Amino acid sequence: MGRVVGGLVVVIGALWSGAPTWADVYVLKSGGVVEGKTVRVYPKRIPGQGAPKNVYVVKKEDGKEEEISEKDIAYWVKAKPSWEVRAENRAWYEKEAAAVKDDWKSHESFAKKVRAKRHLEAESEKHFKKAYELRKPEIRDDIESHTTVARLLEGDWELYEEAKQEWRWVYSKRRETCDAPEKYVTLAKWCMDEGLYDEAGDAYDEALKLNPKHDTATRGKRFLANAPKMNSQFYRALFGRLQQMVGLLESKRKPDGSYGSDITEAAVHGHHAMTALVGLSLLAKWDFNAIKSPSALDACPASVKAILPWICLNDKRVMDEKESKDVWGPIWRLEFLAQCYRHYAIGETMKKAIVKRVEQTLNELRGLVRADGGWAYYEFVQEGITFVTACAIVAMVDAKEAGLPYDDTMISKACESVASARQSAGLYGYHHRGAEDEIGCAGRSPLCEYALIRAGKGDPAALATGVENFFKHRHLLEAIKDKEGTHIGKGQTAPYYYLFGHYWTSRALHLLPKEKQSEYYKKMRDILSRNMKPNGELTDTPLTKDNEVYGTAFGALWAYQIAIEEWKENQGEAAPPKDEEKR
């Protein structure tokens with residue numbers, strides 16, 4: 001991890017002269033990020049600003065040089081340039097691929113090595129597919145063998161369509177043994193579990209041919225016509241991850257029903273926000289179960305019941321509020337309550353408590369709003385911060401759409417605050433003052449445009465620009481992920497925006513043209529898989545002792561968002577329940 005600028009020149013000088021293969025990722029006070037090789041350093045005196053300040057000349061990927069003044073740098077991270085990583089990994093792949101033996105085990109082993117590298121996702125998939133092609137002739141002609149291969153394809157290899165091919169083979173074999181309506185009905189139910197909806201319909205039809213009055217087959221056929229249709233292999237793989245993440249979170253519950261703690265290291269309130277984020281993860285798991293089993297919506301999970309009283313009744317703040325007020329707490333609380341209110345199984349008594357708590361939360365936000373209509377979590381920042389305000393807009397719109405109390409004036413003014421920081425179409429700065437380039441805007445812009453669209457004031461074309469820019473520069477977030485560092489002065493960025501940015505970008509993707517959605521969701525799926533630890537944990541900063549709580553909660557919501565979009569894609573033109581994209 002780089003140091004703050006006081007000793008920067010010594011380290012940079014050594015870096016420049018002795019380690020030319022390394023570069024710097026500079027995190028600027030404006031929120032921008034510059035990546036490149038430092039080629040020289042020189043002092044420069046600016047009239048009226050005291051002693052000379054060092055200026056760092058950075059050569060970027062396009063070969064152009066950019067000068068960065070010491071006074072504009074928040075901190076820096078020493079890292080190999082992303083373009084060199086791409087080139088090295090590509091060169092490694094070209095060399096190693098030529099030596100891979102042409103048998104399925106060699107291609108499988110090589111595909112796993114490739115998957116561990118960055119920027120080689122398509123190549124990894126290519127070798128998994130080759131492994132499958134070579135293994136197919138070796139699969140024994142029995143149900144158990146094809147089932148084993150199907151599980152491997154959908155689990156470790158993540159080849160969901162190929163897995164479905166194997167399940168169709170199993171279906172054809174199982175069908176050969178059917179000679180009674182009950183057997184066809186059993187087969188149809190199995191098909192539903194495996195996402196073989198056409199085959200399930202055929203099996204129900206065969207049962208009704210043998211017994212036109214078969215009640216279970218008639219009801220099954222009716223249910224099939226209205227049931228959500230999704231890639232069950234993908235569902236199983238992603239649901240397994242979501243289950244793992246939520247299970248880890250549930251193990252972190254405190255005796256009072258809350259989760260996490262304040263981020264005292266950065267003087268930022270976090271306890272209420274972390275608890276609400278975990279609550280949203282619990283709701284995501286509940287809704288995910290309902291995709292395949294709608295009856296799951298009839299009973300509120302015990303974990304949701306356990307968290308609701310604390311969120312609805314607790315206003316206690318442990319940390320001092322002189323430097324910062326708790327802004328994230330009411331924002332994420334409002335989002336959780338809006339999603340929770342949509343579930344009838346929480347009961348009328350709790351729904352009344354939610355209405356009261358939402359009214360209190362809106363009053364709390366009114367007391368914290370800045371003059372420009374936005375919100376900030378440090379008291380010394382007197383204008384709205386775009387990504388904080390955008391989160392509040394989404395939460396207020398979700399509350400409104402759920403039928404809860406809302407404040408249209410507050411929503412409108414918040415939108416004005418975010419819009420005032422627009423640098424160009426789809427790109428947003430930290431706040432309304434100062435200009436930023438597209439790199440500095442990358443992490444927050446999809447959220448900002450998404451929030452404005454949700455409030456009826458955004459532009460889908462501009463969102464497409466923001467998302468494209470996010471994927472163009474997200475490798476810079478990778479470079480600072482899990483590094484030490486936090487806000488330094490006003491308007492900084494930090495590693496803990498990694499999961500935040502990926503979650504909100506995933507949430508916005510469904511508003512893009514269909515042809516772009518699949519491409520981006522696949523990328524998000526791969527990124528999520530690479531970042532999960534074996535126990536389901538996700539982190540992006542060592543700053544707080546509870547980083548695994550907020551990080552894993554964001555990861556669970558990220559996984560849910562990807563999965564729900566897969567579900568919707570398989571619905572064709574049928575509209576999903578209105579709240580399904582709002583997690």
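Numbers at a glance
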read-out: Sole exception among (1) farther than 17 Å from residue 458 by Cβ; (2) surrounded by fewer than 17 Cβ atoms within 10 Å (Cβ to Cβ); (3) of a type in the set (Ser, Thr, Tyr) for residue 377, by number; value: (2)
read-out: Condition check for residue 361: touching a Ser or Thr at 6+ places or on another chain (Cβ under 6 Å) and closer than 30 Å to residue 562 by Cβ; value: no
read-out: Tally of residues being part of a helix (DSSP H, G or I) and within 17 Å of residue 297 (Cα to Cα) across region 337-359; value: 11
read-out: Condition check for residue 349: under 20 Å from residue 283 (Cα atoms) and either out of contact with any strand residue (DSSP E or B) (no Cβ under 7 Å at 6 or more places or on another chain) or among the polar types (S, T, N, Q) (or both); value: yes
read-out: Qualifying residue in region 75-86 (condition: part of a helix (DSSP H, G or I) and over 33 Å from the mean Cα position of the chain (by Cα)); value: no
read-out: Residues of region 360-394 that turn out to be outside any loop (DSSP other than H, G, I, E, B), out of contact with any helix residue (DSSP H, G or I) (no Cβ under 7 Å at 6 or more places or on another chain) and among the polar types (S, T, N, Q), as a count; value: 2
read-out: Region 531-554, subset among the polar types (S, T, N, Q) and outside any loop (DSSP other than H, G, I, E, B), residue surrounded by the fewest Cβ atoms within 10 Å (Cβ to Cβ); value: 531
read-out: Boolean, residue 61 is in contact with a Gly (Cβ under 9 Å, 6 or more places away or on another chain), outside any strand (DSSP E or B) and not hydroxyl-bearing (Ser, Thr, Tyr); value: yes
read-out: Only listed residue being more than 25 Å from residue 86 (Cβ to Cβ), small (Gly, Ala, Ser) and either part of a loop (DSSP other than H, G, I, E, B) or not assigned by TED's automatic domain parsing to the domain that holds residue 473 (or both), chosen from 150, 122; value: 150
read-out: Which numbered condition residue 439 fails, given (1) touching a residue at least 12 places away in the same chain (Cβ under 8 Å); (2) surrounded by fewer than 21 Cβ atoms within 10 Å (Cβ to Cβ); (3) assigned to a loop (DSSP other than H, G, I, E, B); value: (3)
read-out: Some residue of region 345-360 being farther than 23 Å from residue 249 by Cβ, at pLDDT 95 or above and within 27 Å of the chain's Cα centre (by Cα); value: yes
read-out: Residue in region 256-263 that is of a type in the set (A, V, I, L, M), assigned by TED's automatic domain parsing to the domain that holds residue 316 and either surrounded by fewer than 21 Cβ atoms within 10 Å (Cβ to Cβ) or modelled with pLDDT under 85 (or both) present; value: yes
read-out: Hits in region 416-436 - residues which are of a type outside the set (D, E, K, R), in a helix (DSSP H, G or I) and over 23 Å from the mean Cα position of the chain (by Cα); value: 417, 419
read-out: Verdict on residue 7 being surrounded by fewer than 15 Cβ atoms within 10 Å (Cβ to Cβ), at pLDDT 75 or above, within 38 Å of the chain's Cα centre (by Cα) and of a type in the set (Gly, Ala, Ser); value: no
read-out: Given (1) surrounded by fewer than 24 Cβ atoms within 10 Å (Cβ to Cβ); (2) under 18 Å from residue 500 (Cβ atoms); (3) among the polar types (S, T, N, Q), index of the condition residue 386 fails; value: (1)
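To keep it simple, each residue is scored yes or no on (1) in a helix (DSSP H, G or I); (2) modelled with pLDDT under 90.
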position	(1), (2)
168	yes, no
174	yes, no
188	yes, no
192	yes, yes
213	no, no
216	yes, no
220	yes, yes
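The values are calculated or read from the model by the stated rules, or taken from the named source; none is laboratory data. What you see is a predicted model; the values in this text were computed from it and never measured. All Cβ positions, even for glycine, are placed from backbone atoms using ideal geometry, and neighbour counts span all protein chains on display.
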